[in-house]
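Visitor: One structure, as structure tokens, below. Some questions next.
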Amino acid sequence: MSDELNDLALELRRHLAWQESDGTRTILRGPKPLVAAPTKAPAPAAAQNVPMPEPRPVPTGPVKTLDEIRQELGDCKRCKLCHGRTQIVFGSGNPKAELVFVGEAPGADEDQQGVPFVGAAGQLLTKMIEAMKFSRDTVYICNVAKCRPPNNRNPEPDEIAACEPFLKAQLATLQPKVIVALGKFAAQTLLRDSTPITRLRGQWRSYEGVPLMPTFHPAYLLRSPSEKKLAWLDLQQVMKRFESP
Ligand code: SF4
């Protein structure tokens, strides 16, 4: 088998692996694109606008290391999410990552383990990352809010505003080549744009000069598996960005 066919077979296996839960299958035409163009962009109920926190200035001063940012966070009690958490979920991955995924907030599994995206949604995210020919060891993963909201409710504007400076500091330190914003909270917070994620997704934007691709949150994809094909289109755009010189 030629190298090209080997690559195609590998890419297909990875893609199907994270689509296996819903039976969604795509139309193969060659190495790219892998999927048929969508005929519509459904509007899930979860994609309602959220109030935007007040804009905050970009942190100034010397860029800190991730360890220094974590130390500054300390045993944080800057917002009410501190009361229900087991531990702060700061972020994990490669401190030199060129690709960073930003999600919403820890869930129960993440709260227990102290690592982002380790529950069911995290397992799907891992498959998505591997389908993109990366691994969790080569990317960095973090959330807008670093403590679990009670009963997995959405983080509130004051909580996002309190925690966001630490996300900004992480991104300033990482200086990734591309950011993938997972879901409405990450996309709307980083972009200061209350446009629904159904319209934000798939469109290149910029965060502090870094290309940012908004896409659906893996937890939403678990609830709406038919949307995985749209998320895959978004991730393919990210892959192309890394392939281009
Ligand atoms: S969510 Fe962020 S700001 Fe709020 S207590 Fe946790 S670490 Fe502090």
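Visitor: Is there any pair with a first residue in segment 147-162 that is of a type outside the set (G, A, S) and a second that is modelled with pLDDT under 95 whose Cβ atoms are under 6 Å apart and which are 6 or more apart or on different chains, and what are they?
Guide: P157/P51; P157/P53; I160/P53
Visitor: Let me ask something else about it. Report whether or not P116 is touching a helix residue (DSSP H, G or I) at 6+ places or on another chain (Cβ under 7 Å), buried (at least 17 other Cβ atoms within 10 Å of the Cβ), of a type outside the set (S, T, N, Q) and in a loop (DSSP other than H, G, I, E, B). Explain how you work it out, then say what you get.
Guide: Working: touching a helix residue (DSSP H, G or I) at 6+ places or on another chain (Cβ under 7 Å): yes; buried (at least 17 other Cβ atoms within 10 Å of the Cβ): yes; of a type outside the set (S, T, N, Q): yes; in a loop (DSSP other than H, G, I, E, B): yes.
Criteria met by P116.
Visitor: Still on this structure, I have one more. Scan segment 84-111 residue by residue and report those that are within 14 Å of the chain's Cα centre (by Cα), aliphatic (A, V, I, L, M) and within 12 Å of the ligand (Cβ to nearest atom).
Guide: Within segment 84-111, A105 is the sole residue that qualifies.
Visitor: Here are some conditions: (1) over 13 Å from the mean Cα position of the chain (by Cα); (2) within 10 Å of the ligand (Cβ to nearest atom); (3) outside any helix (DSSP H, G or I). A145 meets all but one. Which one does it not meet?
Guide: For A145, the exception is condition (1).
Visitor: Further, regarding this structure: In the set E164, E130, E110, which member is assigned to a helix (DSSP H, G or I), within 29 Å of P62 (Cβ to Cβ) and either among the charged types (D, E, K, R) or at pLDDT below 95 (or both)?
Guide: Working: E130 fails: within 29 Å of P62 (Cβ to Cβ); E110 fails: within 29 Å of P62 (Cβ to Cβ).
When all the criteria are applied, what remains is E164.
The values are calculated or read from the model by the stated rules, or taken from the named source; none is laboratory data. Remember, it's a predicted structure, so these values are computed and weren't measured experimentally. Every residue, glycine as well, gets a Cβ built from its backbone with ideal geometry; the counts of neighbours run over all protein chains shown.
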